Structures are given as structure tokens and as C-alpha cells.
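See below for the structure under consideration.
The values are calculated or read from the model by the stated rules, or taken from the named source; none is laboratory data. Computed from a prediction, not measured in an experiment: that's the story for all the values here. Using ideal geometry, Cβ is built from the backbone for each residue, glycine included, and neighbour counts are taken over all protein chains shown.
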Amino acid sequence: MLNEKKHSSLFVIISILFVTSLLLSNVIAGKLILIAGWVLPGAVILFPLTYIFGDVLTEVYGFQKTRLIIWLGFICNLLMAGIFMLVIAIPSPEFFESESAFATVLGMTPRIVFASLLAYLTGEFCNSILLSRLKILTAGRFLWLRTIGSSLAGEGLDTIIFITLAFWGTLPASVLGQMMLFQYLFKVTYEAAITPLTYWVVGYLKRREGFDNYDYGVKYNPFQFE
């Protein structure tokens, strides 16, 4: 298990990038973009990075520290959504002409917020736990298999949960299926393409931090904090 070394500056930096990517993904999710003929939410260009940062955190620092950051991201996301809804609900002066545009971009319905938060928690914890267990089972080998495999599972759950809860009953089932498939394929391709960078970052952090964490004896309860 990870030694008692205090949180390093590198751990803090990766954690901040993780939470920032999560928050920005939720802000830009409302913009639809066209990539290779696929209509996708703008968040797909950034959200997969949260899984890559999650992979790095779990691989280098272990599940216990990653669990803390996952919950921190959840709290920050919930706070952001609540502040957006509060500001939108407060009346604006008559001369402010951009209220509808502001609400369109940053407005979040309770249904969307719930779907997003549940999908995030489920996907991120699945990714982190699976990566941690695979590292022990493979004796630290095949990093590419562990990062891609865990992200495939985590992002798959995230995609299914979010789209189902957010859009069920508002779109035909066939359209929901296409949205799930296209987003998932894009995320998978994204993860595979950036694997060399993941290798470099993990190797650099392990050299700088001076340890390679294995989660022997760790309890994987998301709600238990040691």
C-alpha cells in the first residue's frame, strides 16, 4: 500500500485537472458538435480525460486517494449545478437582455443533474476499482490493458446510465441507442489514442514520487474512508 507520504504537489495538480475537466465537461455538454458525421455533445472532447486522470491517480496513488478525489469532484459538480440554478432563478433587471441565453447555456434541470451525478459516480468508481484490482492480478504489467479495460467498463456504465436517465421518454429508443453507441465508440477511440501519453505521465509520476502503489488489503467500499 501507499506509504504515509503527504500529498505531493503533483498529486494536487492531477487532482485539480481531474475536477476541472469534470466541471468544464458539464458546462460544454449542451453544445452539439459534428465529428466524422456523428452528432455528439461537446463534452466528448474533454470528459474522457476525467477517466484518464482517474487512471493515473489510481495507478500511481491508489484507490483510497482516488476515492477522495472522486467524491471531491462529485461535491464540486453538485455545488456548480446548484449555483447555476440559483442564479438563473434570481430575477434580472429589465435592461439585462441575455437572461434566456444565459439560462439556455448554463441551465440544468434536476433530472439532468441527477443523471449526470449518478452516472459519474458509478462510472468513476467502476473504473478505479477495476484498474486497482487488475494491477494486482497482472502484477503491475500490461498498463495499456488495465487503463483501456477499466475505462471501457466505466465509460460504458456512465454512458448507459446518463442517457437513459436523462432522455428516456423524451426520445425514441432507437435514437437513445444510437446516442449511446456513438458516444461510447468515440470515448473508446479517444482512450486508445491517448494511451501513449498515459504511459508517459504514469512513468514520470512514479519516478518523481518514488513509489509504485499496490492496493493490497484495500476495502473498495466507495463510502468508507480510512
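General observations
- Qualifying residue in region 46-67 (condition: closer than 19 Å to PHE114 by Cβ, touching a Leu at 6+ places or on another chain (Cβ under 9 Å) and either surrounded by fewer than 15 Cβ atoms within 10 Å (Cβ to Cβ) or at pLDDT below 90 (or both)): yes
- Restricting region 73-123 to residues that are among the hydrophobic types (A, V, I, L, M, F, W, C) and part of a loop (DSSP other than H, G, I, E, B), the residue that is nearest to ILE14 (Cα to Cα): MET108
- Qualifying residue in region 165-187 (condition: of a type in the set (Gly, Ala, Ser) and in contact with a Gly (Cβ under 7 Å, 6 or more places away or on another chain)): no
- Region 102-160, residues that are more than 23 Å from MET180 (Cα to Cα), buried (at least 17 other Cβ atoms within 10 Å of the Cβ) and among the small types (Gly, Ala, Ser): SER132
- Of all residues in region 200-226, exactly one satisfies the criterion of being more than 16 Å from PHE142 (Cα to Cα), aliphatic (A, V, I, L, M) and not in a loop (DSSP other than H, G, I, E, B), namely LEU205.
- Search result, residues across region 134-166 that are touching a residue at least 60 places away in the same chain (Cβ under 8 Å) and not hydroxyl-bearing (Ser, Thr, Tyr): LYS135, ILE136, GLY140, LEU143, ARG146, GLY154, GLU155
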